[in-house]
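Read the structure below first, then the notes.
No lab work stands behind these numbers, since they all come straight from the coordinates. Model, not experiment: these values are computed from the prediction. Using ideal geometry, Cβ is built from the backbone for each residue, glycine included, and neighbour counts are taken over all protein chains shown.
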Amino acid sequence: MTTFAELGVDQDIVDVLAAKGIVDAFPIQEQTIPLGLPGQDIIGQAKTGTGKTFGFGIPVVQRLGPDPDHGVKALIVVPTRELCVQVYEDIDMLTAGRSTSVVAIYGGKAYEGQIEQLKAGAQIVVGTPGRLIDLNNQRLLDLSHATEVVLDEADKMLDLGFLPDIEKIFSKVPAIRHTQLFSATMPGPIVAMARRFMTNPIHIRATDPDEGLTQANIKHLVYRAHSLDKDEVIARILQSDGRGKTVVFTRTKRAAQRLSDELGDRGFNTASVHGDMSQEARERSMAAFKAGKKDVLIATDVAARGIDVDDVTHVINHTIPDDEKTYLHRAGRTGRAGKTGIAVTFVDWDDLHKWALINRALEFGQPEPVETYSSSPHLFSDLDIPAGTKGRLVTAPKTQPVRTQPARAADVAADAAASGAAGTTRRRRRRAGEGEERVGATFAEGATDTAGSATSTGEAHDRDAEGSGTHDGGGSEHHDGKPAPRRRRRRRGPRPGGAPAGA
């Protein structure tokens, strides 16, 4: 292994990396840094998770010097918001101890903060194509002095249809510049763009001594699973021995949120990242996942290239990706930086043809996925799931105090005594014709019957109605002698005495 100091990296950058436990360079860094430092245009091709960010970031930061002039001197273009945040964090770390300022420019966030940083003189801009062009059109982002230009994940930009935007961006930067292009794959349009916008680039294809090392670091398991059983299978996989942070990929935003809610209900500590969430919510989920506050991240492919977390042990494809490129980018979230990982893929019956194409392209040698259920013995053995594991975390039941029959009777008696002591009253409604009576009032023992001097409410209303010829009539008085307000009373059935209602 070669150290960064041996590659000619400035000592302050070496110290910053060493403080993070990064001393030795990966193959892609070992080959690109010595060429990038003097200003050679580079096409860097390496598998995901091999350290490409430092491969282009270290030359950019070092070439600007420890105290660059204010204004944008370097531009790093990335395809997604998540990757923008990740690259920004890595580049910002490299500038520690220098006066160089880095700003992330991407959509979904308020303009004001980004504009303030640009006006303050940020020298390195990491951004997505749309927001970069938007701010440039508003004359808030000046790219005319950006002599360092990097295109990261160029193949993803091709997939997302960003090539016209890239051409616009290249028309804004100086013609004489240092350009680096990094990509996991190198399709024809990317090669054509490199020839057009780069000057005598050197194509570096970084491989390990074992060509399939990254592949060998990841254990690939493919199961034909029933859609109604997937949640249970995933919940059991999440309880396997040695499981660390886990990323579960779904095809749709709705499926991601549903699975997040379901696993949360089963007791797992989940977070989600998908297109229906605001940018702030997505960043909070990613931050919680990186910090370890959440250990299960459910995501759509929007996050496939923006999850740069070294300790992801498992990747689960809830639904099979559309092609082998997407599969590689999903699986590449684990087994990063030479560590081992496990990638589990579920294949529905209707998606067997997709797996056939992926299997042929990646030469897996597994044309027929194994039919698998949550109770299948091979599932437990393949993933080291403890025997007897169920799809719900076991939590201690909430204990309720046991109340005996005498205790409950005492409570009832106490409630009744308290009610009687307060002298509270409540009304009980009777059917029409039966009148209303007051219940719960306190009477002294042996109290005389006052029926002769007081008339029941129902009878009073009957007389009022008969005297006035309508149910609205009143004639009854309050105890202070004032007439009571009239009120309509609904009658049911014949009136007392055989008179029809309303007679």
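Rounded to the nearest 20 debye, the dipole magnitude of segment 169-281 is 560 debye, with +1 charges on Lys and Arg beta carbons, -1 on Asp and Glu beta carbons, and the Cα centre as origin. Across segment 188-202, coupling constants 3J(HN,Hα) worked out from phi with the 6.51/-1.76/1.60 Karplus curve, θ = phi - 60°, read x, x, 5, 4, 5, 5, 4, 5, 7, 10, 10, 10, 6, x, 9 Hz, and Gly and Pro carry x. Toward the positive end of the charge dipole of segment 272-396, with +1 on the Cβ of Lys and Arg and -1 on the Cβ of Asp and Glu, the farthest Cα among L383, I358, Y373 is that of L383.
Normalised by the number of residues in segment 1-91, the mean separation of alpha-carbon contacts (under 8 Å, six or more apart) gives a relative contact order of 25 percent. In terms of packing, defined here as the mean over residues of other Cβ atoms within 10 angstrom, the peptides 378-387, 28-37 line up highest first as 28-37, 378-387. Would you work out which of P79, G97, T53 lies farthest towards the positive end of the dipole of segment 52-150? Charges go on Cβ: Lys and Arg +1, Asp and Glu -1. With unit charges placed on the Cβ atoms, the residue in question is P79. Whole-Hz Karplus values for segment 54-67 come out as 5, x, 9, x, 5, x, 4, 5, 5, 5, 6, x, x, 9 Hz, taken residue by residue from phi with 6.51 cos²θ - 1.76 cosθ + 1.60 and θ = phi - 60°; glycine and proline positions read x. Hydrodynamic analysis of segment 54-178 uses the Kirkwood radius over alpha carbon pairs. Inserted into Stokes-Einstein at 37 °C and 0.692 mPa s, it gives a translational diffusion coefficient of 230 µm²/s.
Using all pairs of distinct alpha-carbon atoms, the Kirkwood hydrodynamic radius of segment 261-340 works out to 13.2 angstrom. Under a 5 Å amide H cut-off, with hydrogens placed 1.01 Å from N, K339 pairs with nothing among residues at least 5 apart or on other chains. A Stokes-Einstein calculation at 10 °C with viscosity 1.306 mPa s, built on the Kirkwood radius of segment 1-77 over Cα pairs, returns a diffusion coefficient of 122 µm²/s. Summing charges over neighbours of P68, with a neighbour being any other residue whose Cβ is under 13 Å away from its Cβ, gives 0 when K and R count +1 and D and E count -1. Net length available on complete extension from S144 to Q11 is 44.8 nm, with 0.36 nm assigned per residue and the Cα-Cα distance removed. Restricting the calculation to Cα atoms, segment 180-280 yields a radius of gyration followed by a Dmax of 20.1, 57 Å. Taking the convex hull of the alpha carbon positions in segment 118-201 and averaging its projected area over all directions gives 5.4 nm². Amide hydrogen proximity for T345: with H placed 1.01 Å from N in the peptide plane, the residues at 5 or more positions away or on another chain lying under 5 Å are L221, V222, Y223, N317.
Convex hull volume per residue, computed on the Cα atoms of segment 216-370, equals 106 Å³. Remark on E371: its backbone amide H falls under 5 Å from those of R224, a criterion applied only to residues 5 or more positions apart or on other chains, H modelled at 1.01 Å from N. For segment 1-116, a crude dipole built from +1 on the beta carbon of Lys and Arg and -1 on the beta carbon of Asp and Glu, taken about the Cα centre, is about 340 debye to the nearest 20. Charged neighbours of L132, selected by a Cβ distance under 12 Å, balance to 0 (K, R count +1; D, E count -1).
Taking one quarter of the surface of the convex hull spanned by the alpha-carbon atoms of segment 106-259 gives a direction-averaged projected area of 14.0 nm².
Roughly what percent of Cα-Cα pairs across segment 253-292 reach past 10 Å? Tail of the P(r) past 10 Å holds 68 percent of the pairs.
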